[in-house]
Amino acid sequence: MSEMVCPAEAIVSQYISDVLDGTIPACRWTKLACQRQLDDLKYGHKRGLYFYPDAAQLAVDFFGLLKQSKGEWAGQPLKLEPWETFIVWVLFGWMNEDGSRRFRFAYLEVARKNGKSTLAAGIGLLLLVADGEPGAEVYTAATKRDQARITHSEATRMVKASPALRKRIRIVKDNLHIEGTASKFEPLGRDSDSMDGLNIHGAIIDELHAHKNRDMVDVLETAKSARRQPMQFEITTAGYDRQSICYEHHEYTQKVLEGAIDGGDDTWFGIIFTIDEGDSWEEESTWIKANPNLTVSKKIEYMRDQMQKAKEMPSQLNAFLRLDLNVWTQAVTKWVPFDHWKACAKSVDAEALRGRRCYGGLDLSSTTDITAFVLVFPPEGGNDDYQVLRRFWIPDEAIHLRSKRDRVPYESWERLGLVMATPGNVIDYDFVFDQIDQDAQAYDLEEIAFDRWGATRIVQLIEDRGITCVQFGQGFASMSPPMKELENLIRSHKLAHDDDPVLNWMADNLVARSDPAGNIKPDKEKSREKIDGMVALIMALDRALRHDDDGSVYEERGILTL
C-alpha cells in the first residue's frame with residue numbers, strides 16, 4: 001500500500017472528488033457511496049447524525065501501528081490506500097446524538113486480491129484495542145473455522161510485528177487477548193464446538209458469499225444485542241447464489257445507496273466495487289472499478305493473463321467475471337458465455353428441414369421433471385451450421401407446483417407451446433414416443449442417443465419403429481468430446497437454434513465439471529436449474545459428429561479419456 005499524506009480528511013475529500021468527477025474510474029455503487037457521505041455531511045444533523053473528524057483520524061492513525069506481513073511489503077508499515085482510508089474514515093467518524101457509533105453494519109464487496117482481508121484484520125484489532133469497549137469480544141467468522149483463521153492469522157501477524165501492540169496483547173493459539181480489559185479476538189466457524197454465550201462487540205465475516213445459509217449471520221446478530229455500539233464488518237467477493245444471505249445483503253446495500261429504503265438505514269454502511277452494466281470485461285480501463293488496488297496489491301499482468309484465459313476458454317469466463325471483476329454470476333463456472341449462445345439464435349425452419357438427415361438425443365426425466373428430445377441436423381448444401389430442433393415434456397399436474405416453487409414460468413411456456421404437458425402427475429412416455437414417431441416420419445432420423453436410466457420401455461418402442469438407439473454414458477469419457485465440440489460451434493456461431501426461451505434458460509443454467517485431465521461434462525449438481533435440453537443436445541451432436549460426411553471429428557482430434 002502506498003504512502004499516505006495526513007491529515008486523512010484531505011485524502012478522503014480528494015478521493016471523493018476524484019471518484020465523482022471521473023478522475024478515478026468507479027462504478028455506480030462506489031459513486032453513490034461517495035455521494036452519500038457528502039449528502040450526510042450536509043443534511044445528517046437533521047437526523048441526529050454528527051461527523052467527528054478527530055474520531056475518524058484516530059481510527060485511520062491506528063493503522064499506522066500495523067505492519068504488512070506478506071509479499072513484497074512484509075515488515076513495512078501498513079499504509080491505507082485512499083479507498084481504504086475512505087472506508088475507515090466514514091465508519092468511525094459518524095456518531096449518533098448520544099455519542100454512540102452510527103454504523104453498526106458494514107458491507108464491502110470487492111474483487112479478490114485487493115487487500116480486503118488485511119483491512120478487515122486491522123478493523124478487528126481496532127475494535128479490540130482502540131474502541132473503548134470493556135470486555136470486547138471480537139470474532140472473525142466464516143463457514144469453517146479454518147477459513148475464519150485466515151483473517152485472524154493476519155491480525156496475529158500484525159500484532160507480532162508491532163511493538164506497541166505486543167505490549168498490550170497476549171497471543172496464544174487462536175486467541176488474542178488483553179488481560180486488563182478482559183477483551184479477546186478469536187476465529188469462529190459454524191463448525192466450532194459451541195457458539196453459545198457469545199457477547200459480540202465486533203464480528204468480521206469473511207467471504208460472506210461462501211455462506212450457504214444465514215445461520216451464522218443470525219447467530220452473530222443475536223449475540224450483539226447486549227452491546228452499546230457493536231459493529232459487523234462483512235467482506236466478500238461476488239457470488240453466484242441469488243438465494244444466499246450474501247446476495248440479500250448485496251441487494252440491501254444497493255437499495256441503501258439508491259435511497260430506496262423507506263426511512264433510510266443510517267446504521268448500514270456499504271460499498272461495492274465492480275464494473276458497470278455495459279462495460280466490456282476485455283477493456284483494461286474498466287478493471288480498476290472492481291480492483292481499487294490495481295497496480296498496488298493486484299498486478300495488471302495477472303489481470304491480462306486471466307482475461308486471455310477467459311477469451312481462449314469460455315468456460316473460464318465466469319470465474320474471471322466473478323473473482324476478478326466482482327460480477328455476480330449464475331453459477332460457479334458457467335460453461336459458455338451467454339452472449340455467444342445468443343449469437344447462435346437464427347431462424348430454424350422445421351418445414352425446410354423435412355427429409356434431411358438428423359440425429360437425436362433423448363434425456364428422460366424422473367417421473368415429475370422435464371423430458372427433453374433434441375434433433376441435430378448436420379450442415380448441407382453450403383450451410384455450415386448445425387441446426388437444432390427441440391421438444392420438451394412435463395407432467396400436467398406438476399406445472400403449477402413447479403412454477404410456484406421454482407419461480408420458473410412453466411405455465412407460460414406450456415401456453416405458448418414451448419413445453420408439452422402430458423396428463424397426470426408423471427411423464428406419460430406414450431406422448432414422447434408419438435412425437436419421436438412423427439419426427440421419424442418427417443425427417444431422416446438415423447440414430448438416437450439415450451441415457452439408459454429408465455429408458456428400457458421407450459427405447460424398445462423406438463427400436464421396433466426401426467430407429468437405431470445408442471446407449472450414451474454420462475461420464476467424462478462420453479460427454480467431453482461432444483461437449484467441447486459444441487463449445488467450439490457456439491463460439492464460432494456455427495450452431496443454429498431458434499432462440500427458444502426454454503433451451504436458452506437451460507444453456508444459461510449449465511455448469512461444467514472438469515477432471516484433472518481436462519475432460520468436461522455437465523454438472524447437474526452445481527447447475528442452478530434444469531439442463532436436460534443441453535444434455536440431449538450434447539448427445540445428439542455426438543452422433544452427428546461421428547457420422548459426419550467428411551469423417552468423424554474424433555478421428556482427427558481424438559477422444560480425451562480418463
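The values are calculated or read from the model by the stated rules, or taken from the named source; none is laboratory data. Note that this is a predicted model, so its numbers are computed, not measured. Glycine also receives a Cβ, built like all others from the backbone with ideal geometry; neighbour counts cover every protein chain displayed.
Across the stretch 456-483, what is the total count of residues that are in contact with a strand residue (DSSP E or B) (Cβ under 7 Å, 6 or more places away or on another chain), among the hydrophobic types (A, V, I, L, M, F, W, C) and not in a strand (DSSP E or B)?
Adding up the residues that qualify gives 7.
Among the candidates TRP89, TRP94, single out the residue that is of a type in the set (Phe, Trp, Tyr), assigned by TED's automatic domain parsing to the domain that holds ARG36 and touching a strand residue (DSSP E or B) at 6+ places or on another chain (Cβ under 9 Å). Before the answer, list the steps.
Numbers: TRP89 fails: touching a strand residue (DSSP E or B) at 6+ places or on another chain (Cβ under 9 Å).
So the residue among TRP89, TRP94 that is of a type in the set (Phe, Trp, Tyr), assigned by TED's automatic domain parsing to the domain that holds ARG36 and touching a strand residue (DSSP E or B) at 6+ places or on another chain (Cβ under 9 Å) is TRP94.
Kindly indicate the residue of the stretch 325-341 that is under 20 Å from LEU541 (Cα atoms) and either touching a His at 6+ places or on another chain (Cβ under 8 Å) or at pLDDT 90 or above (or both) and also surrounded by the most Cβ atoms within 10 Å (Cβ to Cβ) among those meeting that condition.
Among those residues, the one meeting the criterion is TRP341.
Can you tell me which of GLU81, GLU133 is closer than 30 Å to GLY44 by Cβ, at pLDDT 95 or above and surrounded by fewer than 24 Cβ atoms within 10 Å (Cβ to Cβ)? Explain how you work it out, then say what you get.
Numbers: GLU133 fails: at pLDDT 95 or above.
None of the others qualify; the one that does is GLU81.
Output the helices (runs of 4 or more DSSP H) that fall wholly within the stretch 18-95 and possess 2 or more residues being under 22 Å from TYR252 (Cα atoms) and touching a residue at least 40 places away in the same chain (Cβ under 8 Å), or say none.
Numbers: elements: 28-43, 53-62, 82-93.
Output list reads 28-43, 82-93.
Hey, among the residues in the stretch 335-361 that are among the acidic types (Asp, Glu) and in a loop (DSSP other than H, G, I, E, B), which one's nearest to TRP505 (Cα to Cα)? Break it down stepwise before answering.
Taking the stretch 335-361 as the starting set, the residues that turn out to be among the acidic types (Asp, Glu) are 339, 349, 351.
Okay, now just the ones that are also in a loop (DSSP other than H, G, I, E, B), so 349, 351.
Numbers: ASP349: 21, GLU351: 25 Å.
Here the residue is ASP349.
Looking only at the stretch 274-297, count every residue that is within 21 Å of the chain's Cα centre (by Cα) and more than 20 Å from THR23 (Cβ to Cβ) and tell me the total.
Of the residues in that region, 5 qualify.
Counting just the residues of the stretch 259-273 that are touching a residue at least 40 places away in the same chain (Cβ under 8 Å) and touching a helix residue (DSSP H, G or I) at 6+ places or on another chain (Cβ under 7 Å), which one comes out nearest to GLY22 (Cα to Cα)?
It comes out as PHE273.
Within the stretch 367-378, identify whether any single residue is surrounded by fewer than 18 Cβ atoms within 10 Å (Cβ to Cβ) and either modelled with pLDDT of 95 or more or of a type in the set (Ser, Thr, Tyr) (or both), and answer yes or no.
Yes - at least one qualifying residue is present in the stretch 367-378.
Could you tell me which numbered condition THR118 fails, if it satisfies all but one of (1) of a type in the set (Ser, Thr, Tyr); (2) more than 24 Å from ARG166 (Cα to Cα); (3) surrounded by 22 or more Cβ atoms within 10 Å (Cβ to Cβ)?
Of (1) of a type in the set (Ser, Thr, Tyr); (2) more than 24 Å from ARG166 (Cα to Cα); (3) surrounded by 22 or more Cβ atoms within 10 Å (Cβ to Cβ), only one is false for THR118: (2).
Tally the residues that are assigned to a loop (DSSP other than H, G, I, E, B), within 25 Å of the chain's Cα centre (by Cα) and closer than 27 Å to GLU411 by Cα, restricting the search to the stretch 486-543.
So the answer is 10.
Of everything in the stretch 243-254 that's more than 19 Å from ARG28 (Cβ to Cβ) and either in contact (Cβ under 8 Å) with a residue 60 or more places away in the chain or in contact with a His (Cβ under 6 Å, 6 or more places away or on another chain) (or both), which residue is surrounded by the fewest Cβ atoms within 10 Å (Cβ to Cβ)?
Keep residues of the stretch 243-254 that are more than 19 Å from ARG28 (Cβ to Cβ), which gives 243-246, 248.
From what is left, the residues that are either in contact (Cβ under 8 Å) with a residue 60 or more places away in the chain or in contact with a His (Cβ under 6 Å, 6 or more places away or on another chain) (or both) are 245-246.
Working: ILE245: 21, CYS246: 27.
Top of the filtered list is ILE245.
Would you check which residues across the stretch 141-170 are of a type outside the set (D, E, K, R) and either at pLDDT 95 or above or over 36 Å from the mean Cα position of the chain (by Cα) (or both) and list them? Reasoning before the result, please.
Of all residues in the stretch 141-170, those of a type outside the set (D, E, K, R) come to 141-143, 147-148, 150-153, 155-156, 158-159, 161-165, 169.
Those that are of a type outside the set (D, E, K, R) and either at pLDDT 95 or above or over 36 Å from the mean Cα position of the chain (by Cα) (or both): SER162, PRO163, ALA164, LEU165, ILE169.
Residue pairs, Cβ under 6 Å, 6 or more apart or interchain, first in the stretch 404-419 and in the same structural domain as ASP499 (by TED's automatic domain parsing) and surrounded by 15 or more Cβ atoms within 10 Å (Cβ to Cβ), second among the β-branched types (Val, Ile, Thr) and not in a helix (DSSP H, G or I). List them.
TRP413/VAL419; VAL419/ILE394
Tell me which of these THR118 doesn't satisfy, since it passes every other one: (1) under 30 Å from ILE300 (Cβ atoms); (2) of a type in the set (Ser, Thr, Tyr); (3) free of Cβ contacts under 8 Å to residues at least 40 places away in the same chain.
Condition (3) is where THR118 drops out.
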